[in-house]
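The values are calculated or read from the model by the stated rules, or taken from the named source; none is laboratory data. Predicted model only: the values in this text are computed from it and were never measured. In this analysis, Cβ positions are derived from the backbone assuming ideal geometry, glycine residues included, and neighbour counts consider all displayed protein chains.
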Amino acid sequence: MFQQLLTSFFASAGFGILFNAPRKLLIQCGITGMIGWGIYFLFYMYEQNVVYGTFIAAFFVGVISQVFARFYKTPILIFTVGGIIPLVPGGLAYDAMRHFVQNDYNGAVSLAAKVLLLSIAIAIGLVASEVANQFIKKLPDRRPKRMK
Amino acid sequence: MYQNEAQQVMRVCLLAGKIMLMSGAETYRVEDTMSRIAAAAGISGSHSFVTPTAIIFSLDGAELTKLIRISERSTDLRKVDQVNSISRQISNRGITLKEAYGQLKKIETEEEAYPLWLQFVAAAISSGCFVIIFLGGWIDFLPACIAGGLGFLSTHYIHRFVKVRFFAEFVASLVIGITAYILVHAGIGRELDKIIIGSVMPLVPGLAITNALRDLMAGHLFSGVTKGAEAFLTSFAIGSGIAIILTIF
């Protein structure tokens, strides 16, 4: 568990550098990714349900990013980018690809479907956290997609 | 006089929108920023149509509509942050439009990125970390670092010569596949799959896929579909590069 947290921190912060995030916010990018992956990993160990775990993890990545974005007065994008990186189903996508190459189309399609589900789970998790944020704030102007 | 003022507002809005879109900001943020700047300048009605390849922006009352073509997109969070803070300052009446335009021009031209070696190290270390994240052994950490770093470098240099992203990513995944294969056969790495997965991660368009889905959910159907197509193309490039390696060996 500890090494999972450590590596997810460095992976997220590393992506912060690749995406040219402001220098003083790299640590926060790493923390966002670490917490997201930690939550996912707990679900993975105790529930074995990756889609659900990804959704919850993405939701919390969104929440933490909003807190950071508000605190540092930056776009929320900076933190969500790094935060969701460990959750991206790269390994499964690779497995799907390998099955395609080995002419095992049934296995490949079912893996690809799972990749799609996981991507949707990440997106819904992020959107859900935005919606939750708006319910809490009850902004006077009710534009649906706004957040700062 | 009025016409001049409107044109000034227009220029600032479009430049801000252009920089943001080229730096990978979300569609709604681009639209939001532009309408905020216009509102701060006293023009309450503005309409924008933002897609990944073009921005159409129009101001009410001034009968002014302009189109800007966006040819290249990457992810540059620093620029998004800077433009965001400028638009904040305009909203708070902290700076005039003229000053804002000057600052935006400066942001647009300057290329203040992390040094290449640092990006290389970051790509390498993230690749290694992904091996552990995907439950690989520490023995594969170093091979993934090497393969991932080489993959990053080849994307960088090939993209400089050939302006086709798709091709650069394809070659990079080929390089990663070959490197991983050589390292495993030299006895430095153990699991080929884990090494390849880890080192491919810096190329994978996970962000693009998620952004595409978010745009779709937010009602920006056009941007969502376009970004989705772009992400699909990238993953196809990576997948086919790796697939070639897997078929050969």
* **Candidates A:68, A:9, filtered to the one that is farther than 23 Å from residue B:87 by Cα, assigned to a helix (DSSP H, G or I) and among the aromatic types (Phe, Trp, Tyr)** => A:9
* Kindly check whether there is at least one residue in the range B:200-211 that is surrounded by fewer than 21 Cβ atoms within 10 Å (Cβ to Cβ), assigned to a helix (DSSP H, G or I) and of a type in the set (Val, Ile, Thr). => no
* Out of the residues in the range B:84-119 that are assigned to a helix (DSSP H, G or I), at the interface with chain A (Cβ under 10 Å from one of its Cβ atoms) and of a type outside the set (S, T, N, Q), which is nearest to residue A:16 (Cα to Cα)? -> B:118
* Meets criteria (within 23 Å of residue A:11 (Cα to Cα), within 13 Å of chain A (Cβ to nearest Cβ) and crowded, with 19+ Cβ neighbours inside 10 Å) for residue B:223 -> no
* Asked: Can you tell me which of A:107, A:82 is more than 8 Å from chain B (Cβ to nearest Cβ), among the small types (Gly, Ala, Ser) and touching a Ser or Thr at 6+ places or on another chain (Cβ under 6 Å)?
  -> A:82
* To do: Could you pull out the residue among B:218, B:243, B:212 that is within 25 Å of residue B:128 (Cα to Cα), touching a helix residue (DSSP H, G or I) at 6+ places or on another chain (Cβ under 6 Å) and assigned by TED's automatic domain parsing to the domain that holds residue B:148?
  => B:243
* Asked: Considering only residues of the range A:1-37 that are more than 9 Å from chain B (Cβ to nearest Cβ) and more than 21 Å from residue A:122 (Cα to Cα), which is surrounded by the most Cβ atoms within 10 Å (Cβ to Cβ)?
  -> A:26
* Among the listed residues B:84, B:92, which satisfies the condition of being outside the structural domain of residue B:195 (by TED's automatic domain parsing), within 16 Å of residue A:75 (Cβ to Cβ) and not β-branched (Val, Ile, Thr)? -> B:84
